[in-house]
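The structure under discussion appears below in the form of structure tokens.
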Amino acid sequence: MSEAEAIPAADPGALVRRHAAEIRAAMERVLASGHYVLGPDVAAFEEEFARFVGVGVGACVGVANGTDALELALRAAGVRSGDRVATVANTVTATVAAIGAVGAEPMFVEIDDATMTMDPGALEAVLRGGKVRAVVPVHLYGQMADMTRIGAVAAAHGAVVIEDCAQAHGAAWNGVAAGAWGAAAAFSFYPTKNLGALGDGGAVATRDVALGERVRRLRQYGWQTRYVAEEGGRNSRLDEMQAAILRVKLAYLAAENAQRAAHAAAYRRGLAGLPLRLPIVAAGSRPVWHQFAVRTGKRDALRAELAAGRIGTAVLYPVPVHQQPAYRCDVALPLTERACSEVLCLPVHPTLTAAEVERVIAAVRAFFA
Ligand SMILES: *Cc1c(COP(=O)(O)O)cnc(C)c1O
């Protein structure tokens with residue numbers, strides 16, 4: 001028997017090949033334009049992405065990456081050194097690095113065991129401790145946190161909400177898109193995200209025009225007008241080449257999110273009845289399946305068996321941030337810790353074929369047989 005084709009956990013290259021002709025044309029246009037940083041493609045992408053998220057035009061600011069987007073959104077929202085910022089520990093360390101970059105202290109909030117996103121009740125307990133200036137819910141795996149309750153709890157304690165939307169381009173909660181709930185939201189366009197560049201990129205989305213203007217200053221040395229700084233800023237610009245590529249890919253994002261959803265539905269049917277926890281989607285939540293995360297106590301054995309069948313998987317995230325050397329802190333988060341020990345992300349990217357999804361399903365079923 002010939003060896004089966006490998007199924008990668010993610011495949012940004014396949015998505016680029018799908019749109020190669022259009023991406024090449026966009027790159028050629030930028031090459032010829034002579035304009036390479038903060039030019040017409042960045043401006044156009046900002047408008048198009050603002051429309052996609054549903055915040056007003058002019059309320060999206062392109063930056064260098066998702067971590068910077070979070071940091072600059074926090075700074076623009078008034079978070080300062082010594083403030084506390086509440087977030088979750090089952091996230092990429094970038095979320096916490098951004099909080100650290102403004103000099104704030106991360107306060108880790110327990111997750112809801114069903115959705116694996118921030119538990120509003122646990123958030124309330126943390127906010128009662130005081131001094132929490134901002135809340136950063138993470139819309140993990142493409143599913144939004146409970147923004148209705150998180151928004152209400154944060155408002156009651158005078159904390160601003162900055163959404164981490166790096167995994168949730170196009171997701172919605174009660175019909176309102178990820179990025180349109182908080183005071184501001186951070187997006188990443190890292191190549192494997194639902195909307196990915198051919199390098200790094202990020203954006204801040206906000207309905208607050210003044211906050212957006214402040215991010216616009218902060219991304220370029222704090223300049224209000226050219227060469228004149230209004231406040232201390234830095235360099236976190238999105239370049240024209242990435243913006244032009246993102247404009248091509250944005251046009252296909254809704255269709256590609258639908259392909260992810262079709263794969264997720266196939267997994268749900270095919271994996272039903274196994275001793276495996278399938279993703280739970282909260283009422284009112286429309287996920288975009290950045291990952292299809294299942295849970296099992298036999299995670300590592302299942303992962304090894306799938307790897308033997310040339311099926312790639314990912315563990316997001318193997319170690320919760322509060323237990324990592326750089327961020328260790330003395331807080332007990334048993335639900336978060338258990339989720340990190342059980343979670344396994346199956347391939348769900350849009351260029352998978354239905355036959356490949358069936359092969360993954362068969363391999364998982366064989367493992368549990
Ligand atoms: C990818 C990601 C980030 C960081 O984005 P970069 O563009 O890599 O800086 C932040 N938060 C979450 C949840 C992410 O998945």
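The values are calculated or read from the model by the stated rules, or taken from the named source; none is laboratory data. Remember, it's a predicted structure, so these values are computed and weren't measured experimentally. Cβ placement follows ideal geometry from the backbone for every residue including glycine, while neighbour counts extend to all protein chains displayed.
Summary of computed values
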read-out	value
Failed criterion for LEU31 (all others in (1) more than 23 Å from the chain's Cα centre (by Cα); (2) of a type outside the set (Lys, Arg); (3) assigned to a loop (DSSP other than H, G, I, E, B) hold)	(3)
Cross-chain or 6+ apart pairs with Cβ under 6 Å, the stretch 124-139 first and more than 11 Å from VAL153 (Cβ to Cβ) and at pLDDT 95 or above, then more than 16 Å from the ligand (Cβ to nearest atom) and part of a strand (DSSP E or B)	ALA134/VAL160
Any hit, the stretch 162-177, residues being closer than 30 Å to ARG149 by Cβ, more than 16 Å from the chain's Cα centre (by Cα) and assigned to a helix (DSSP H, G or I)	no
Within the stretch 44-144, strands (runs of 3 or more DSSP E) holding 3 or more residues that are β-branched (Val, Ile, Thr) and surrounded by 20 or more Cβ atoms within 10 Å (Cβ to Cβ)	84-88, 132-136
Some residue of the stretch 243-251 being aliphatic (A, V, I, L, M), buried (at least 20 other Cβ atoms within 10 Å of the Cβ) and part of a loop (DSSP other than H, G, I, E, B)	no
Residue within the stretch 148-162 that is under 22 Å from ASP68 (Cβ atoms), modelled with pLDDT of 95 or more and either in contact with an Asp or Glu (Cβ under 9 Å, 6 or more places away or on another chain) or assigned by TED's automatic domain parsing to the domain that holds ARG286 (or both) present	no
Residue within the stretch 213-223 that is more than 14 Å from the ligand (Cβ to nearest atom), under 16 Å from LEU38 (Cβ atoms) and in a strand (DSSP E or B) present	yes
Extreme residue, farthest from the ligand (Cβ to nearest atom), among residues of the stretch 34-80 that are among the basic types (Lys, Arg) and within 26 Å of VAL135 (Cβ to Cβ)	ARG80
